[in-house]
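Right, one structure below, let's go through it.
The values are calculated or read from the model by the stated rules, or taken from the named source; none is laboratory data. None of these values were measured; they are calculated from a predicted model. Note: ideal-geometry Cβ built from the backbone for every residue, glycine included; neighbour counts use all protein chains shown.
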Amino acid sequence: MQHATPSRTALRVAMRRAAHQLYDAQPLVFEDPIAVPILGDTYAEEVRRTPQRPDRPWSVGLRAFMVARSRYAEDNLARAVADGVEQYVLLGAGLDTFAHRNHFPALHVFEVDHPATQEWKRELLAASSLPEPDRHTYVPVNFESQTLAEQLAGAGFNVARPAFFSWLGVVPYLTLEAFRSTIGFVSSLPVGTGLALDYSLPRHALSPLERLGFDSLASRVQLAGEPFQLFFTPEEIAHELRGFSSIEDLGSAELNARFFTGRPDALRLMGTAGRMLSAWR
């Protein structure tokens, strides 16, 4: 993310979640009644330009990935809550709307992001007349001068209790050092702590056709000031997560089988680049 400006990739993710509510067939993979209202009139025209188009299957596939990862994270969150977890941390929250849909009475939501992105989100909420949610805390972190652990502690996060972390759409933009620092913090928390994240395979692991799509997307995020930096193979990320006792790592075939089987539309993941995993202490 460019210094002191809100994240453009967070906007693109939010618009695809909104488009899913408007254009994809029922049943939706990810129900989010706040996804459209939060964007308000400011981005309504951009959302209208993103319906399902049969001549752009890779664009539809990218939308499928983004709604599937939100569904996957919240499915795992429900598992954590059922086991007694009462803290939910959204790392790189962007325009995530879970805090507005939180139906778990004991669950406190901590949204972690750059201060500029959080200010932008709150402006959108105000412009759309959406109230600030209960049981919710913004945790602004400028990683150039602050640490996640310090900022969470200052926001009332209890390191003596387990938590669930959602880390979506962030890992490819990190340095390896930043990734390891965050994983080290999460893995230091008590047993019962869980994590859901998505990551991308390195370019050399992709087919020639997928490399073209990868290069196109990488060029766009580079122009937005948020370049890709970090990629893993499943074996490499499993090694990084060795502090966790249980890992589920899913590729496109498994995710399509779980979320998109039998759909009447063309919504489904394409290619093999994107993967999702959950890990538990």
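Some notes on this structure:
- Output for segment 184-213, where each listed residue is more than 19 Å from L250 (Cα to Cα), of a type in the set (A, V, I, L, M, F, W, C) and either at pLDDT below 95 or assigned to a helix (DSSP H, G or I) (or both): F185, V186, L209, L212
- Per the listing R275, R268, the residue uniquely part of a strand (DSSP E or B), under 19 Å from the mean Cα position of the chain (by Cα) and touching a residue at least 24 places away in the same chain (Cβ under 8 Å) is R275.
- First in segment 1-18 and closer than 14 Å to N142 by Cβ and at pLDDT below 90, second anywhere and in a helix (DSSP H, G or I) and of a type in the set (F, W, Y), Cβ under 9 Å, 6 or more apart: M1/Y173; T5/W120; P6/W120; S7/W120
- Within segment 166-182, tally of residues that are more than 10 Å from the chain's Cα centre (by Cα) and either more than 17 Å from T233 (Cα to Cα) or part of a helix (DSSP H, G or I) (or both): 9
- When residues of segment 220-235 are limited to those that are more than 15 Å from A273 (Cβ to Cβ) and assigned to a helix (DSSP H, G or I), the one modelled with the highest pLDDT: E235
- Near pairs, Cβ below 9 angstrom, 6+ apart or cross-chain, from segment 243-261 (surrounded by 17 or more Cβ atoms within 10 Å (Cβ to Cβ) and of a type in the set (A, V, I, L, M, F, W, C)) to any residue that is part of a helix (DSSP H, G or I) and modelled with pLDDT under 95: none
- Of all the criteria given as (1) surrounded by 14 or more Cβ atoms within 10 Å (Cβ to Cβ); (2) touching a residue at least 24 places away in the same chain (Cβ under 8 Å); (3) out of contact with any Asp or Glu (no Cβ under 9 Å at 6 or more places or on another chain), the one not satisfied by G169 is (3).
- Among the residues of segment 89-119, the ones that are buried (at least 19 other Cβ atoms within 10 Å of the Cβ), of a type in the set (F, W, Y) and more than 13 Å from the chain's Cα centre (by Cα) come to 1 in all.
- Each residue in segment 244-265 was checked for being modelled with pLDDT under 95 and in contact with a helix residue (DSSP H, G or I) (Cβ under 6 Å, 6 or more places away or on another chain), and 0 of them qualify.
- Residues of segment 87-109 that are part of a loop (DSSP other than H, G, I, E, B) and either touching a Cys at 6+ places or on another chain (Cβ under 6 Å) or over 22 Å from W120 (Cα atoms) (or both): H103, F104, P105, A106, L107.
- Residue check: D32 meets all listed conditions (1) crowded, with 20+ Cβ neighbours inside 10 Å; (2) of a type in the set (D, E, K, R); (3) assigned to a loop (DSSP other than H, G, I, E, B); (4) modelled with pLDDT under 95 but one, namely (4).
- Residue match in segment 134-144 (condition: within 18 Å of A14 (Cβ to Cβ) and either assigned to a loop (DSSP other than H, G, I, E, B) or at pLDDT 95 or above (or both)): yes
- Segment 39-63 - residue that is closer than 25 Å to L124 by Cα and not in a loop (DSSP other than H, G, I, E, B) and, of those, modelled with the lowest pLDDT: R48
- Within segment 192-242, considering residues that are hydroxyl-bearing (S, T, Y) and over 29 Å from V159 (Cα atoms), the one surrounded by the fewest Cβ atoms within 10 Å (Cβ to Cβ): S216
- On inspection, S181 passes the criterion of being hydroxyl-bearing (S, T, Y), under 25 Å from D113 (Cβ atoms) and free of Cβ contacts under 8 Å to residues at least 60 places away in the same chain.
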